[in-house]
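Structure first, commentary second.
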Amino acid sequence: MKLKIAVPAGLILLLVFAVPVFLSAQPASDGSIPAYRPGLGDLMTMTVQPRHIKVGLGLQEKNWPLAAYELHELEESFERVARYWPQWRKKPIAEMMTSVTKDPMSVLEQAIKTAETSKASSAFEQLTEACNTCHQSVEVGVIVIKIPESSSFPNQDFRPAKR
């Protein structure tokens, strides 16, 4: 019997992109190794996108506690991106992200608290479109985010816990 191990896409990307950076870092003249500063795309792929997926899957399963948790994690991911990349190619990333995501995230948070499926779905769709609006504004419209159709996390159950 062969054992198959599924590895989440985020972990694969981390290994492919981040590990070589750590291994190839050259010591500074004082012998220290400069701190790794993830690129904007790295942060989006490693922190924002997986949280967006998990919010969507939590909503699809009506797992309100998980959706609330992941929405908070998504908000923290956006904050990290804004802190490390307030500007990118002379575009005000921090301002743009806040302006396009604030309202949909607030509506989504309320819909999750009250377990309103249709309102939550609509707010998540608006949040997803906000991501695409931001991508278009910074001229990376080739990156199109959509509502997840399936899980890229085979080792996580998104259904509500049975009590």
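Data table
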{"read-out": "Which numbered condition residue 37 fails, given (1) part of a loop (DSSP other than H, G, I, E, B); (2) over 18 Å from the mean Cα position of the chain (by Cα); (3) modelled with pLDDT under 95", "value": "(2)"}
{"read-out": "Close pairs from the range 111-140: first closer than 14 Å to residue 58 by Cα and assigned by TED's automatic domain parsing to the domain that holds residue 72, partner of a type in the set (Phe, Trp, Tyr) and assigned to a helix (DSSP H, G or I), Cβ under 9 Å, at least 6 apart", "value": "111/124; 112/64; 113/64; 115/64; 120/64"}
{"read-out": "The listed residue being aromatic (Phe, Trp, Tyr), surrounded by 15 or more Cβ atoms within 10 Å (Cβ to Cβ), closer than 23 Å to residue 38 by Cβ and in contact (Cβ under 8 Å) with a residue 60 or more places away in the chain, out of 153, 78", "value": "153"}
{"read-out": "Residue check, residue 95 within 20 Å of residue 45 (Cα to Cα), surrounded by 13 or more Cβ atoms within 10 Å (Cβ to Cβ) and of a type in the set (Asp, Glu)", "value": "no"}
{"read-out": "Filtered residues of the range 114-163 (kept if of a type in the set (Lys, Arg) and part of a loop (DSSP other than H, G, I, E, B))", "value": "146, 159, 162, 163"}
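Here's the yes/no breakdown for (1) loosely packed, with under 15 Cβ neighbours inside 10 Å; (2) at pLDDT 95 or above; (3) over 22 Å from residue 47 (Cβ atoms):
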residue: 100; (1), (2), (3): no, no, no
residue: 105; (1), (2), (3): no, yes, no
residue: 112; (1), (2), (3): no, yes, no
residue: 119; (1), (2), (3): no, yes, yes
residue: 122; (1), (2), (3): no, yes, yes
residue: 125; (1), (2), (3): no, yes, no
residue: 128; (1), (2), (3): no, yes, no
residue: 132; (1), (2), (3): no, yes, no
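The values are calculated or read from the model by the stated rules, or taken from the named source; none is laboratory data. Everything quoted here is computed from the prediction, not taken from an experiment. We place every Cβ from the backbone using ideal geometry, glycine too, and count neighbours over all the protein chains shown.
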